[in-house]
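Every number here is computed from the coordinates shown, using simple stated rules; none is lab data. Since we're looking at a predicted model, the values are computed, not measured. Backbone-built Cβ (ideal geometry, glycine too); neighbour counts: all protein chains shown.
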Amino acid sequence: MSRPGIFGPSRDWPAQDLIGLSDELDADLVVLAYRCGVFPMPLHNSWFPARMGWWSPMRRGVLLPDGVRVTRSLRKSAHHYTTTIDAAFDEVLARCADPGRPHGWIDDDIVAVFAELHRRGVVHSVETWTPDGRLAGGLYGVSLGGLFAGESMFHDPAIGRDASKVALLRLVSAMTRDGSGDRIIDVQWRTDHLATLGVIEIDREEYLSTLDETLVLPSPDWSAERGKEPEVA
């Protein structure tokens, strides 16, 4: 399969998750990358001379919105929070980028680019709030057509045990509210934690084929979603 732009045909990509290196990072390049099935992640403390890695996992973690798993305890927990869309993007991004988080990777360059993409209406956040108005968790990611590429999520362990999961439920609600069942949520890599929520793995070529079909779908109406509450069965 041929991919557009500077990344070249996917058949020429190396058989590994890291497919490219660069010193460049800007908003337009990031959008192009996601359209190609590629995402940026800095190469902190590596021996590579470049500062930015470009990744397309051999095994991609994806969540099909109609495949999300909602346990009884999560359903119960969701009713203890309020969720919003794009109400506190800067704070969500800052909490996700907290250098004190284990395995933190979000640096100042990533923050600047994704903040710009949020201003352009390409990147969106979901926030989870306690009844007394404290931010308990959230997530953010890139919305292109029927694709939502999740970048990072967080929860406050003191006040938001399930808050990031509840944010994901709100995202699923936004992705499916208009009846579209063909959109996908890309989570980059499947983890045991994400698997409990219904995340599956597909190989790179299957993901790229699916991506071509997904990008031409309409995006959710994010402006309308800001005023709605999630639908948790």
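Quick notes on this structure:
- If only the Cβ of Lys and Arg carry +1 and only the Cβ of Asp and Glu carry -1, the dipole of the chain around its Cα centre is close to 720 debye.
- P(r) weight above 15 Å for segment 146-233, C-alpha pairs, percent: 65
- For peptides 91-99, 168-176, sequence by mean Cβ density within 10 Å, most packed first: 168-176, 91-99
- Amide H to amide H, with H built 1.01 Å from N, residue 160 comes under 5 Å of no residue 5 or more places away or on another chain.
- Taking the C-alpha atoms only, the angle from helix 163-176 to the longest principal axis of the chain is near 80 degrees.
- 17 Å tail of the calculated P(r), segment 14-83, as % of Cα pairs: 60
- Farthest toward the positive end of the dipole of segment 101-233, out of 219, 166, 207, is the Cα of 166, where the dipole comes from beta carbon charges about the Cα centre.
- Between helix 108-119 and the chain there is an angle of about 70 degrees, using the helix long axis and the longest principal axis of the Cα atoms.
- Compactness of the chain - radius of gyration and Dmax, Cα, Å: 17.1, 53
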